[in-house]
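Everything on this sheet refers to the single structure shown next.
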Amino acid sequence: MVSRLRLSAAEAARVCRVTPRQLIYWTKKGLVRPSPEGEHDYDVFAMEKVIRIRQALEKGHSLEKAAAIVQRDMAQIQADVERLSAMTAEELEGELRRRLERLEERVAALRAYLPTSLGIARLRRAVALLARLDVQGSLSTPGRDGDGSKALALRLGRAADELEQLLHEVPASAG
């Protein structure tokens, strides 16, 4: 039923949060294919590809690199769909149960990570504020403990970098 859902280029572009012009350009380049049943209609699989390309572009990849990443991911998804389709009901239930458990573990890890991540964001804002004050020349007076404000700002920035690096390692190993 989902595979029969099709949207026009304008509707698909709106749903995927790209411009119709982008969608048409990507189609002309062969990065996205419209539905076989309609030359100007896009099915959910094409829209999934468009969304993933947009997300890869937002991460800073070139269009060609984004398309290659998405093509690899979509091939993996297709292989996974075929593998799941060949399973018995009991095997499928077991597979879905294992996936649910992994997702629940990942959610728990992210919940533990999120408050710390928000603390890092506050720390980053403090570092940015100190940098602006430095540019304005407001950090030239030494602190009470003998440390200059600039040295304090540098130490704070390095601490934020180290904490952020450690936090990126924790969720990867917890998932």
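Only the coordinates and a few stated rules stand behind these numbers; no lab work does. From a predicted model like this one, the values you see are computed outputs, not experimental measurements. Cβ placement follows ideal geometry from the backbone for every residue including glycine, while neighbour counts extend to all protein chains displayed.
Given the peptides 73-79, 43-49, 86-92, arrange them by the average over their residues of other C-beta atoms within 10 Å, most packed first.
The densest-packed peptide leads the list: 43-49, 73-79, 86-92.
Rg/Rh for the stretch 31-94 stands at 1.10; both radii use Cα atoms, and Rh follows the Kirkwood definition. Computed extension gain for Glu58 through Ala108, at 0.36 nm per residue and net of the alpha carbon distance, reaches 15.3 nm.
Close amide H pairs (under 5 Å, H built 1.01 Å from N) link Asp41 with Ser35, residues at least 5 positions away or on another chain. Under the rule a/c < 1.5 gives rounded, and otherwise a/b versus b/c splits prolate from oblate, where does the stretch 71-112 land using the Cα gyration tensor? Oblate, since a/c reaches 1.5 and b/c is not below a/b.
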